[in-house]
Amino acid sequence: MTSREIALQLDAADPLASFRDEFFIPDQSLVYLDGNSLGRTPKRTIERLHQVVEKEWAGDLILSWDHWLDLPRRIGDRFADIIGSRPGEVVLHDSTTLNLFQGVHIALNLRPDRRVLVVADDEFPTDRYVVEGIAHDLGLTVRSLRPGIDLSDVAVIVRSVIDYRTAEMVDVASFTDEARRAGAMVLWDLSHTAGAVEFDVHALGVELAVGCTYKFLNGGPGSPAYTFVSHELQSMVRQPIRGWFAQKDQFAMERPFEPFDDIRRVLLGTPHILSLVAAEEGIALSARAGMGAIAAKGRALVAYAMEVIDHLGLTTSTPRDTARRGNHVAVHHPDAPVLLRRLAERKVVADVRPPDIVRLGLSPLTTRFTDVWDGLATLDDLIRSNDS
Ligand SMILES: Cc1ncc(COP(=O)(O)O)c(C=O)c1O
């Protein structure tokens, strides 16, 4: 049997195959393997946006704020099905970058006697920039995350669960535990995690996390990010941006700032309603499919991709251990940017992470095993003609 025949068989046996029909896919022949930078468009999102614009915005106008006001928290409650949070522990708001900024400050305020921040040199750029910027402004020290690092004087570590290039997954339970024993807080970035793999904040001991909704959760371009703060921490949260959406009795107006005692303390200003309802539909789809089934398909897609990579003799840095990786694969080639352009000409969409990675995102609700084969076989073909 050829690899493509194996892929066809895997597609035929895929219990999530029907979920692809939940998405609006104008060109079925496009091999879309960039699902983790911008997930596909749920059909329900298109209908819902239409309905919210026409009925709630145009029709009900300002009266709609009655039920819009609490959307960041109501949608946040749906993260119970995605990351195991409890009701009232997640709000959707702003961008991951802003939420990282708030999250570092929240953690710093909980460790006022410590002056060291930790981030890896190869962490996602925005995470590093935020940490370095805060350290610069407050006169703190940044220490690079390395194996065996001393955490005994560290206030906060910012760390991605899944590496944005290789998909390597951190052992979250053991790192969180190590940090806690050293008295340090960890702010986890779940951007490549939520909606891709199974994750249980409480089982793993996570207290503070942020992430985006536009990748595996199919929330749409620029959809709002989220902040998770465990119930135990919430009343102690102090964050640097005082906005009126964090304020108790918000519309009483002439009051000094006195924030809610709950997760709404991290909110700032007027929520982006159209983006929120779009995100809600994407999150609802993942919740309906179930993270167990999504994660199982993700593991199968990546395992198949790794077999094909080996079969074709391509080079990868994605871990071999199935328990230690997320849902994308990294193929290395010195001419990655040229290959990316040629892939696009052959209707295969991937992305490049410098200097030499062609990254292929495998999104369990929409990616077929045949897409994996077609994408990698095309890449291999292009590499052979490029190298000859
Ligand atoms: C790990 C990680 N953190 C943060 C971000 C970006 O955050 P923002 O939505 O603020 O641009 C990304 C975007 O791809 C990411 O992969």
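Computed from the coordinates by the stated procedures, all read-outs in this text should not be read as laboratory data. In this text, all values refer to a predicted model and were calculated from it rather than measured experimentally. Virtual Cβ from ideal backbone geometry, glycine too; neighbours counted across all protein chains shown.
Output the pairs from LYS55/LYS347; LYS215/LYS248; LYS43/LYS215; LYS55/LYS215 with a Cα-Cα distance over 26 Å in this structure; if there are none, say none.
Values: LYS55/LYS347 38 Å; LYS215/LYS248 33 Å; LYS43/LYS215 16 Å; LYS55/LYS215 28 Å.
Where the Cα-Cα span goes over 26 Å, the pairs concerned are LYS55/LYS347; LYS215/LYS248; LYS55/LYS215.
Where both partners of a DSSP beta bridge lie in the chain, what percent of those bridges are antiparallel, to the nearest 5?
Working: 21 of 39 bridges.
Given both bridge residues lie in the chain, the antiparallel proportion sits at roughly 55 percent.
The fewest-to-most ranking of VAL53, VAL158 by surrounding Cβ atoms within 10 Å reads VAL53, VAL158. Put in line by how crowded their Cβ is, counting other Cβ atoms within 10 Å and starting with the fewest, THR193, THR176 read THR176, THR193.
Here the simple spin-label model places points 7 Å from the Cα toward Cβ, and for LYS248 and ASP310 these points are separated by 6.0 nm.
For the peptides 86-93, 346-353, 148-155, residues were scored by their other Cβ atoms within 10 Å and the scores averaged per peptide; the highest-first order is 86-93, 346-353, 148-155.
If you rank ILE309, ILE75 by fewest surrounding Cβ atoms within 10 Å, what's the result? Intermediate values should be presented prior to the final figure.
Numbers: ILE309 21, ILE75 25.
With the sparsest Cβ surroundings first, the list reads ILE309, ILE75.
P(r) tail for the range 326-388: Cα pairs beyond 18 Å make up 29% of the total. Taking a point 7 Å from the Cα of ARG288 along the Cα-to-Cβ direction, the residues of the range 34-59 with backbone N closer than 13 Å to it are 42-48.
Does the range 1-153 come out rounded, prolate or oblate, given a ≥ b ≥ c as the square roots of the eigenvalues of its C-alpha gyration tensor, rounded meaning a/c under 1.5 and, failing that, prolate meaning a/b above b/c?
Details: a/c = 2.61, a/b = 1.33, b/c = 1.97.
Oblate, since a/c reaches 1.5 and b/c is not below a/b.
Listed by number, the DSSP H helices of the chain that run 30 Å or longer by alpha-carbon position along their axis and have mean Kyte hydropathy of at least -0.5 are 291-312.
Rg and Dmax of the range 210-360, both derived from C-alpha coordinates alone, stand at 21.4, 68 Å. All Cα-Cα distances of the chain, cut into 20 Å bins from zero to the largest, leave 28, 55, 17, 0 percent in each bin in turn.
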